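Okay, so here's the structure we're looking at.
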Amino acid sequence: MTSLYSSPPSPSARAHASALTGGELAFTAYRPQNGIFAYRGDCLSMEAQPQTNYFVNPDGSPADHTAPVAALVVEAPVFSLYARVSTRLGSLYDAAGLIVETGDPAGGSAGEWGKCVIELSPFLRPTIVSVVTREVSDDANGEELRTPEAHLRVHRNGPILAFHWSVNGAVWKLARLFSLKGMDGPLRAGMIVQAPMGDALTAVFSGICLETGVPIDLRNGE
């Protein structure tokens with residue numbers, strides 16, 4: 001198990017990075033100074049400090065890339081990353097889920113990115129939310145959940161990316177279909193937790209699985 005912690009959220013675009021050990025996949029913790037990570041087997045627990053976010057507001061506000069991320073570089077042109085996400089959303093815009101991004105966070109470049117998360121919406125309901133960021137963030141709310149837990153998946157097939165979600169891990173629904181510039185270079189996929197408005201937020205990612213070389217139907221998730 002790896003546990004990392006440090007103090008207040010760092011506003012720097014350059015993401016400190018530390019290798020996570022103890023689990024089945026070679027994840028790197030980005031911005032470990034802004035969170036706590038504990039990784040064992042196929043289960044990862046992450047806590048985001050207060051005032052951490054991953055968003056580039058279209059209103060011209062400065063980009064906020066302070067949320068802790070655990071990700072690995074995936075070179076395969078076809079892959080799926082799965083995880084069951086469970087959390088307790090306490091404040092508006094608390095969120096936990098999957099992220100995929102280009103660029104080099106540790107080098108100070110976030111590149112383009114997308115995330116699919118369970119987020120506490122303005123209606124105070126856990127909601128499937130997807131965000132795709134190319135210069136600024138394109139934010140879209142999806143379906144509401146009864147409880148803040150779901151299976152999430154990011155799938156790549158060549159130049160196309162898709163986010164899917166499922167209540168039971170068997171029947172999948174499409175949340176977002178998109179692409180990113182820079183996918184000919186390193187592509188990072190992993191988990192993210194944010195707590196922009198309230199107290200720290202903890203999420204558990206279980207059943208983490210990376211599958212390569214198996215294409216799926218991007219529209220219906222089968």
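Given the criteria within 22 Å of residue 59 (Cβ to Cβ) and surrounded by fewer than 16 Cβ atoms within 10 Å (Cβ to Cβ), does residue 91 qualify? I'd like the intermediate steps shown before the answer.
Working: within 22 Å of residue 59 (Cβ to Cβ): yes; surrounded by fewer than 16 Cβ atoms within 10 Å (Cβ to Cβ): yes.
Yes.
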Exercise. Pairs, please: C-beta under 8 Å, at least 6 apart or cross-chain, first residue farther than 30 Å from residue 216 by Cβ and in the range 56-80, second outside any loop (DSSP other than H, G, I, E, B) and of a type in the set (Val, Ile, Thr)?
Worked result: 57/136; 58/136; 66/52
For this session: For the range 129-137, state whether one or more residues are surrounded by 24 or more Cβ atoms within 10 Å (Cβ to Cβ) and either of a type in the set (A, V, I, L, M, F, W, C) or more than 13 Å from the chain's Cα centre (by Cα) (or both).
Result: no
Exercise. For residues in the range 171-183 being over 18 Å from residue 128 (Cα atoms) and in contact (Cβ under 8 Å) with a residue 24 or more places away in the chain, which is nearest to the chain's Cα centre (by Cα)?
Worked result: 180
Seminar exercise, completed: Residue hits (the range 121-170; outside any loop (DSSP other than H, G, I, E, B), without any contact (Cβ under 8 Å) to a residue 24 or more places away in the chain and among the polar types (S, T, N, Q)) are 127, 141
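Restricting to the range 41-61, and then to whatever is part of a strand (DSSP E or B) and either modelled with pLDDT under 95 or among the small types (Gly, Ala, Ser) (or both), can you tell me which residue is surrounded by the most Cβ atoms within 10 Å (Cβ to Cβ)?
Pass one, the range 41-61, residues part of a strand (DSSP E or B): 41, 43-48, 52, 54-55.
If we keep only those that are either modelled with pLDDT under 95 or among the small types (Gly, Ala, Ser) (or both) too, we end up with 41, 45, 48.
Working: 41: 12, 45: 18, 48: 30.
So, considering only residues that are part of a strand (DSSP E or B) and either modelled with pLDDT under 95 or among the small types (Gly, Ala, Ser) (or both), the one surrounded by the most Cβ atoms within 10 Å (Cβ to Cβ) is 48.
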Exercise. Taking the range 149-201, which residues are closer than 20 Å to residue 120 by Cβ, of a type in the set (Val, Ile, Thr) and surrounded by fewer than 18 Cβ atoms within 10 Å (Cβ to Cβ)?
Worked result: 167
Seminar exercise, completed: If you go through 103, 97, the only one that is in contact (Cβ under 8 Å) with a residue 24 or more places away in the chain and touching a Leu at 6+ places or on another chain (Cβ under 9 Å) is 97
Problem set entry | Conditions (1) over 21 Å from residue 58 (Cα atoms); (2) touching a Ser or Thr at 6+ places or on another chain (Cβ under 9 Å); (3) modelled with pLDDT of 95 or more: number failed by residue 191 | (2)
For this session: Go through the range 184-216 and give me each residue that's touching a residue at least 60 places away in the same chain (Cβ under 8 Å), farther than 17 Å from residue 51 by Cβ and part of a loop (DSSP other than H, G, I, E, B).
Result: 185, 186, 187, 213, 214, 215, 216
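The values are calculated or read from the model by the stated rules, or taken from the named source; none is laboratory data. Computed from a prediction, not measured in an experiment: that's the story for all the values here. Using ideal geometry, Cβ is built from the backbone for each residue, glycine included, and neighbour counts are taken over all protein chains shown.
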